[in-house]
Every structure is written in structure tokens, then in C-alpha cells.
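Below is one structure, written out as C-alpha cells, with a few remarks after it.
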Amino acid sequence: MKNTSEIIKWNTMNNEKRLDQEYWDNQYKTNATGWDLGKVSPPIKEYIDTLKNKNISILIPGCGNSHEAEYLLSQGFTNITLIDIAPTLVENLQEKFKNYPNIKIVLGDFFEHKDQYDLVIEQTFFCALPPTMREKYVVEMHKILKAKGLLVGLLFNKTFESGPPFGGSKAEYEQLFKDYFDFKIMETCHNSIAPRANSELFIEFKKK
Ligand SMILES: C[S@@+](CC[C@H](N)C(=O)[O-])C[C@H]1O[C@@H](n2cnc3c(N)ncnc32)[C@H](O)[C@@H]1O
């Protein structure tokens, strides 16, 4: 697992570069991945442990090193798709998962992805996007989910001086998602990693 100071460094990093493919690829090329927990995020692991149907279609957008996908695989899930915009990362993932046909890896932009899924797992993808893209994220997420599909994961419930990550609040998310999703769960996580304690909301949103 990454040490606490690396994660905090990412959480407070002041970076005003454009958050495009080149920016993200460079983060992987230079190992500047302070967001990476080095293991499946505990709240997401706990959620995965409640899922009975291992054949649902699952998407992890902005997947990064995909510790959540490794965990899903270990639990017997059969239909996992990863998408990320960073070619260096995707090349690594293709190597890492080359013997696992249950994982499909897409190099591309989430906002141009066309398939539909039962479940999308959110883990520091939303907060990595410029806040001006949030409404687009909600519309796209709604489109990419099948009827009654679920968006599940973590959103920061705090503000940062600058981003990424870009913070937010429960009130903001309620306003943002309410026309497209029913809120099954949106509450402070009880099992965040220590550096993120009391600053994450666990969400389970159902497509309207
Ligand atoms: C902060 S990282 C989080 C990675 C991973 N979810 C984790 O928690 O370790 C954000 C990720 O989103 C990817 N990304 C940014 N914009 C994207 C886009 N439009 N489409 C797909 N991936 C994107 C970046 O390349 C990066 O891997």
C-alpha cells in the first residue's frame, strides 16, 4: 500500500496544467500516482462482497492501476471492463491482465464510450475531472448504465485548495445527480483509509 504522505501529497497538489491525455499519461510515466491506494479501496471491497450475481457487467472508468478489478477477479466476477485515457497505464494493464479474459481493457475517453453496464464503480475518477465537466459526467453516467443500473463508489466530501483532486459536498452532489439518479445511499464512509477518513461519501445511485 502507498504510504500516507504520498496520498496526502496528491490530495494537496497544486497543478494548473490541462487535464488531458498527455497530462495523465505523464503521471504514469513519472510514477506521480499519489492517489493510488496500492490495494482495493476498503469501502468498495465491502460493497463488492455484498454482490450475489457475479455475471453483471461492470465498468471502472478512469480505472488507474485497477486494484478494484483485481479484487473483482479474485471473487469470480466474469464481466469487467476497464477504461482509461492514459496509454502508458493501459499498456501496463494489458500486460498485467493478459491471462484474464473476464477483463476487457479499453484505451479511450470515458465520454466517448458507447457500451452499457449494470454497475459502474467510481473511485477518484469524478474528482480528477475539471469541475466544469461534472454535469457532462452525470449525463454520460446515466447514458452508460442499463435500466436500473447502479453507480457505486466514493466521492470526496471536502474542498481542496486546488485540484486534482477537486472536492465537493453532499449538497452539491444532490443537486447535480437528482434529475438522473435515485439516491439509495450517500453517507460518510465508516471504513475509508486513514488519510481520507471523514472526507469521503459512499454512494449507491440508481439510474432513473
Ligand atoms: C486520479 S486517477 C484515479 C485512478 C484510479 N481510479 C485509482 O483510484 O487509483 C484518474 C484516472 O482517470 C483517468 N482519466 C482522466 N480523464 C479520463 C477520461 N476522460 N476518460 C478515461 N479516463 C480518464 C486518468 O488517466 C487516471 O488514470
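The values are calculated or read from the model by the stated rules, or taken from the named source; none is laboratory data. Small disclaimer: the values here were computed from a predicted structure and weren't measured. Cβ coordinates were reconstructed from backbone atoms using ideal geometry, including for glycine residues, and neighbour counts include every protein chain displayed. Only protein heavy atoms, including side chains, enter the accessible area calculation; ligands, DNA and RNA are left aside. Shrake-Rupley method; radii C 1.70, N 1.55, O 1.52, S 1.80 Å.
Residue-wise test of (1) within 15 Å of the ligand (Cβ to nearest atom); (2) under 21 Å from R196 (Cβ atoms); (3) more than 14 Å from the chain's Cα centre (by Cα).
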{"position": "P43", "(1), (2), (3)": "yes, yes, no"}
{"position": "E46", "(1), (2), (3)": "no, yes, yes"}
{"position": "K54", "(1), (2), (3)": "no, no, yes"}
{"position": "I58", "(1), (2), (3)": "yes, no, no"}
{"position": "A69", "(1), (2), (3)": "yes, yes, no"}
{"position": "L73", "(1), (2), (3)": "no, no, yes"}
{"position": "T78", "(1), (2), (3)": "no, no, yes"}
{"position": "A86", "(1), (2), (3)": "yes, no, yes"}
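Within the range 54-67, is there a residue that is modelled with pLDDT of 95 or more and assigned to a helix (DSSP H, G or I)? Before you say what the answer is, go through the steps one by one.
The first filter runs over the range 54-67 and keeps only residues modelled with pLDDT of 95 or more, leaving 54-67.
Cutting the leftovers down to assigned to a helix (DSSP H, G or I) gives us 67.
The answer is yes, given that some residue of the range 54-67 is modelled with pLDDT of 95 or more and assigned to a helix (DSSP H, G or I).
Please pick out the residue among L150, L155 that is assigned to a strand (DSSP E or B) and open to solvent by 10 Å² or more (accessible area, probe 1.4 Å).
L150
Yes/no per residue for (1) in contact with a helix residue (DSSP H, G or I) (Cβ under 7 Å, 6 or more places away or on another chain); (2) open to solvent by less than 20 Å² (accessible area, probe 1.4 Å); (3) under 22 Å from F77 (Cα atoms):
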{"position": "E112", "(1), (2), (3)": "no, no, no"}
{"position": "V138", "(1), (2), (3)": "yes, yes, no"}
{"position": "K146", "(1), (2), (3)": "no, no, yes"}
{"position": "K170", "(1), (2), (3)": "no, no, no"}
{"position": "T188", "(1), (2), (3)": "no, no, no"}
{"position": "L201", "(1), (2), (3)": "yes, yes, no"}
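Do you know which residues across the range 100-125 are among the charged types (D, E, K, R), within 15 Å of the chain's Cα centre (by Cα) and either away from the ligand (no atom under 15 Å from the Cβ) or outside any strand (DSSP E or B) (or both)?
D109
Considering the range 68-99 alone, what residues qualify as being of a type in the set (D, E, K, R) and part of a helix (DSSP H, G or I)?
E68, E70, E91, E95, K96, listed by residue number.
Give F160, F125 a once-over and let me know the one that is touching a residue at least 60 places away in the same chain (Cβ under 8 Å) and within 17 Å of I83 (Cα to Cα).
Testing whether each residue is touching a residue at least 60 places away in the same chain (Cβ under 8 Å) and within 17 Å of I83 (Cα to Cα) leaves just F125.
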